[in-house]
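The numbers here are math on the coordinates, done by the rules we state, and not lab data. Everything numeric in this text was worked out from a predicted model, so none of it was measured. All Cβ positions, glycine included, derive from the backbone under ideal geometry; neighbour counts span all protein chains shown.
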Amino acid sequence: MGEEDLETLTLIRVAGEFVTYVLFPGIDETAFAERIDWRHRESAGLDAIISPWRKDRYRIAIGTAVPDLILSRLQAVNVEGETAARAERLGGIEPAMTLAWFAGVAFFATHEACHAAAGHVAYQKALNPETSTGDLPRPLDLATFRLLSELEADGAAAASLLSADYELMRTIEGLSSDGDDRADSAMMFIVIGVFATLELLASEGPVEDGYPTPETRYLNVVAAVFRHVAPHLLLLKSGDYVRREASGEEVQNVANRFRHSVLPALAALNHFDVTAPFGEDIAALLGGAIPNKSEAGRDLARYSRNRARFMRALSGFRETRMWDDFND
Ligand SMILES: [Zn+2]
């Protein structure tokens, strides 16, 4: 085995351990991730296989090409202007891009772990007539299930990675993690890693089989990041348990933080054009509005109308209480 292979396998193992021992304990009190057995499997693609294992465990085998594919995409990122200035604050381009790389691999692993934690694996098994063990109450059609489960795994993975920004920073050698604006700088590179990986993931599932389009997945993750940065603004919108009004200043602060981290990250990946309808929809999400300028925005708004039905169908399959808040 060559040195590179060893580095790849180490990165896969460290990402799995990070998800189990650092990331999930911060978001899930049931210690679900300790029931995951992380493995790797020889593969040239960006893939992973999740399989139920023993009584209540899951085995997630990550393809050995995953770290290299993410790294190749990151090597095409334009680190210049605001992105370069932020990299300097983290100790230089190398540690900053290593953070993006690790965040990307960890995002991939977390996305898969979320499929298991959210009950998607168990539900899909029940939905399939060949593996089903009985009648499924309120079954979803496969396309709706696939769509909403991908969006749910993307959103949960992105939001939980961003809430572990300091833990992620600490895993990177040579990266300086203290100072006032380190969090925003780190957020930018975590977002770069997440979106680079999302772009690769989104090119895998065929849209005609029910997978969401890449643009829909980007907008969905932008919305998830926004929910993470400004949960109090979201409470305001959810209606019945408003505790306080967000001031115009608070909204402005959140929007600023977002503009200086997420938007330059998307620009560095060539995912963002303010003048295009897609860019306008990102701005709409930023302002708390429903995206309706681009096709992806309209799709996302349409899918969210199926969300309550999806939540009810999955409620008996959830492996953790992470999704309880959304249940009606
Ligand atoms: Zn997936």
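Annotations
- Across all directions, the shadow cast by the convex hull of the chain built on its C-alpha atoms averages 17.3 square nanometres.
- The chain: most fluctuating residue of GLU17, GLU280, GLU80 per GNM, C-alpha cutoff 10 Å: GLU80
- Between GLY248, GLY193, GLY16, the Gaussian network model of the chain with springs among Cα atoms under 10 angstrom shows the greatest mean-square fluctuation at GLY248.
- Note on the chain: GNM, Cα springs under 10 Å; of GLU152, GLU29, GLU167, the largest mean-square fluctuation is that of GLU29.
- Within the chain, DSSP assigns beta bridges of which about 50% are antiparallel (rounded to the nearest 5).
- Neighbour counts of other Cβ atoms within 10 Å put TYR166, TYR303 in the fewest-to-most order TYR166, TYR303.
- Exposure proxy for LEU23, LEU263: other Cβ atoms within 10 Å of each Cβ, ordered fewest to most, give LEU263, LEU23.
- Taking other C-beta atoms within 10 angstrom as a stand-in for reagent exposure, ILE290, ILE70 fall in the order ILE290, ILE70, fewest first.
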